[in-house]
Amino acid sequence: MNKRVAIIVGVGARQGIGGAVAIKAAQQGLHVYVVGRTQSKLDLIVDQISSFGGSASVCIADCTKQSDINAVFDNAMAAGAQLELVVYNVGRNMPAPFLEHDQRIIEDNWKRCVIGGLFVGQQAVKHFLEQQPLANGKRGTIIYTGASASMRGNPMFSGFASAKGALRGMVQSMQSEFNKDGIHVAHIVIDGVINGELVKSVKGLGKLALRMKGEDGALLPDEIAKAFWMVHDQQQAPWTHELDLRPFKEKF
Amino acid sequence: MIIEKVAKNLFKNAKYSVESHTKPTGTKAVLIVSSPSTSRIDYELAKLAAANSLPVYLAGNDIGEVISKLSDDGIRVSSAALDNENPPNVKPLFQQIERDGCYVDLVIYNPPPVEPVGFLEITEKSMMDAWTDSCLLSFYIAQAALEQMLPRGRGTLILGGASTSRRGEANNALNSTTKAGLRLMAQSVAREFSSKGIHVVHAVLDDKLVVENSITPEIAVGIVKTYWELYEQHITTWTHELDLVL
């Protein structure tokens with residue numbers, strides 16, 4: 001039997017969505033390809049997975065390059081894989097006034113969110129269509145990470161919101177196109193501050209943001225990962241196309 | 001480093017609010033960035049603006065027919081071709097308007113839709129091209145328009161969407177993606193500039209109108225009537241989004 005495989009694109013620190021989802025998938029017995037830009041961070045994730053007896057491989061890739069993404073999938077599938085889960089978790093939101101959005105900012109957002117999401121989505125769909133359905137009748141799951149900005153364009157976030165909203169439109173279009181083939185495409189909307197490595201790396205401001213949210217006011221990566229797995233574990237009909245995740249005290 | 005960037009950007013934002021206190025003068029003008037798919041709307045709009053004694057600027061690369069129809073009606077508009085850059089550089093157009101002693105008070109752009117294709121047929125190039133027309137050009141039009149609107153503390157920007165802007169559909173990911181991108185950009189700009197007197201509208205046209213190009217003259221008159229009423233809405237009662245369905 002081919003080994004069950006997950007490809008998680010957009011992995012950085014252990015305490016981030018990508019890292020937490022990679023660990024979760026490995027705990028559930030999948031071989032995980034952790035795809036990101038920073039070797040040292042990915043090595044840490046793979047080490048942790050090995051420490052509990054799971055298996056994983058590091059793939060360094062720039063998600064905005066088609067050749068990099070193709071190589072990730074070719075590499076994973078060449079080893080005789082049954083691809084089960086693909087996650088696209090790329091994007092960085094940096095506030096900037098609308099009038100300061102130059103072509104570089106607008107295009108960086110677009111490429112990271114949409115073009116990378118397109119490359120990964122196309123590869124995932126192609127491979128899912130080529131392989132036999134899984135035991136539960138599904139061909140596989142593709143999960144995209146969304147943000148509050150996917151639903152709502154807030155001031156100072158025109159570039160990010162535009163790209164995230166566009167990605168959501170693309171996901172809806174994929175759902176409507178591939179539902180019938182048993183390919184489960186889902187959009188998980190994170191609405192709140194994530195209590196992870198990224199916010200802590202923004203020293204004073206990050207701490208302040210966390211403190212303002214108060215106790216249990218920020219999302220925990222491992223808890224987010226549980227929701228990702230819940231969606232992947234759903235059988236066909238009924239399954240979830242979109243769900244949101246926010247702390248109990250977050251206003252919305 | 002990130003803190004510095006955020007702080008710097010917040011400061012820049014404050015700068016724009018300070019600048020908006022000065023109120024230069026000039027003549028109000030209407031700018032229509034026209035594309036073939038909405039040429040009937042653009043024609044009716046130019047007529048209505050002219051009837052309201054506002055100078056009209058019509059920009060685009062395929063506007064000959066609209067111009068000659070208007071000229072048959074005895075209506076003169078200033079027209080401008082867009083250059084062949086990708087996206088076109090809109091700055092010269094706005095500079096021309098300023099040189100004429102005018103400023104844009106109403107700007108309208110309905111980006112053209114692209115042919116629907118299956119998700120797997122989309123290429124990096126087709127996605128980037130669709131985005132350039134629909135999203136990136138809209139960013140530039142809005143930025144240039146705001147430069148004239150902000151100092152006066154007023155102005156209306158109407159951006160055209162389609163049903164697919166709000167709900168992606170099978171075999172239409174190119175339009176669903178790029179149009180949702182435009183929609184969220186419009187929301188963000190509205191939330192950033194409403195309090196400074198800038199009215200940003202996202203008008204969602206029925207997909208049947210946009211994709212099948214079935215805008216009859218009667219439908220165009222109806223759409224334009226609504227656009228004009230949006231333009232004239234009181235500052236206490238602004239619409240940001242509405243749909244126009246068949």
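The values are calculated or read from the model by the stated rules, or taken from the named source; none is laboratory data. A quick note: this is a predicted structure, and the numbers were derived from the prediction, not measured. Positions of Cβ are generated from backbone atoms using ideal geometry, with glycine treated the same way; all protein chains shown enter the neighbour counts. The protein model used for the area step is the full one, side chains on, heavy atoms only, and it has no ligands, DNA or RNA in it. Shrake-Rupley method; radii C 1.70, N 1.55, O 1.52, S 1.80 Å.
Across chain A, Cα pairs under 8 Å and at least six residues apart give a relative contact order of 19 percent.
In chain B, the alpha-carbon atoms span a convex hull of 144 Å³ per residue. Note on the protein assembly as shown: percent of Cα-Cα distances in each 10 Å bin, starting at 0 and stopping at the bin with the largest distance, equals 4, 19, 28, 23, 15, 8, 2, 0, 0.
Under the convention that each Lys and Arg Cβ holds +1 and each Asp and Glu Cβ holds -1, the size of the dipole of chain B around its Cα centre is about 1040 debye.
Overall, the ratio between the Cα radius of gyration of the range A:3-245 and 2.2 N^0.38 Å, rounded to two decimals, is 0.97. Ordering of B:172-183, B:40-51 by packing is B:172-183, B:40-51, highest average first (other Cβ atoms within 10 Å, averaged per residue).
Inter-chain Cβ neighbour count for B:128-138, averaged per residue, equals 3 (cutoff 10 Å, partner chain atoms only). Once you have a ≥ b ≥ c as the square roots of the Cα gyration tensor eigenvalues for the range B:152-196, tell me rounded if a/c is under 1.5, and otherwise prolate or oblate according to whether a/b is larger than b/c. Prolate shape, in that a/c is at least 1.5 and a/b is the bigger ratio. Between the residues B:137, B:214, B:36, the greatest Cα displacement towards the positive end of the dipole of the range B:24-244, with unit charges on the Cβ of Lys, Arg, Asp and Glu, is found for B:137.
For the residues of B:165-171, the average number of beta carbons from a partner chain within 10 Å of their own beta carbon is 6.
Taking trypsin sites (Lys or Arg not before Pro) across the range A:83-153, the ones in a DSSP loop with at most 16 further Cβ atoms lying within 10 angstrom of their Cβ are A:92.
Amide H contacts for residue B:80 (H built 1.01 Å from N in the peptide plane; partners 5 or more residues away or on another chain; cut-off under 5 Å): B:58, B:59, B:60. Considering only A:199, A:235, A:172, and ranking their Cα positions along the charge dipole of the range A:159-252 that arises from unit charges at the beta-carbon of Lys, Arg, Asp and Glu, the one farthest toward the positive end is A:199. Peptide B:139-152 is shielded by partner chain Cβ atoms: per residue, an average of 2 of them sit within 10 Å of its Cβ.
Listed values for the range B:175-190 are Karplus-derived 3J(HN,Hα) couplings in whole Hz (6.51 cos²θ - 1.76 cosθ + 1.60, θ = phi - 60°), namely 6, 4, 5, 6, 6, 5, x, 5, 4, 6, 4, 4, 4, 5, 5, 4, and x replaces Gly and Pro.
Charge dipole of the range A:100-212 (Cα centre as origin; +1 on each Lys and Arg Cβ, -1 on each Asp and Glu Cβ, all else neutral): 340 debye, rounded to the nearest 20. For the range A:145-252, the tally of Lys pairs with Cα-Cα distances below 20 Å comes to 7, considering only residues 8 or more apart or on different chains. Here the contact order of the range B:24-244, divided by its residue count and restricted to Cα pairs under 8 Å and six or more residues apart, works out to 21 percent. Ranked by the mean number of other Cβ atoms within 10 Å of their residues, highest first, the peptides A:172-181, B:111-120 fall in the order A:172-181, B:111-120. The residue among B:200, B:122, B:26 whose Cα reaches farthest toward the positive pole of the charge dipole of chain B, with charges on the beta-carbon of Lys, Arg, Asp and Glu, is B:26. When only the Cβ of Lys, Arg, Asp and Glu is charged (+1, +1, -1, -1), the dipole of the range A:3-245 relative to its Cα centre reaches about 200 debye. Carbon and sulfur together cover what percent of the accessible area of the range B:111-158 at a 1.4 Å probe radius? Within the range B:111-158, the accessible surface is 53 percent carbon and sulfur. Average accessible surface for the range A:3-245: 38 Å² per residue, computed with a 1.4 Å probe over protein heavy atoms with every protein chain in place.
Compute the Cα gyration tensor for the range B:46-134, then decide on rounded, prolate or oblate, letting a ≥ b ≥ c be the square roots of its eigenvalues: rounded whenever a/c is under 1.5, prolate when a/b is larger than b/c in the other cases, and oblate in all that remain. It comes out prolate by the Cα gyration axes.
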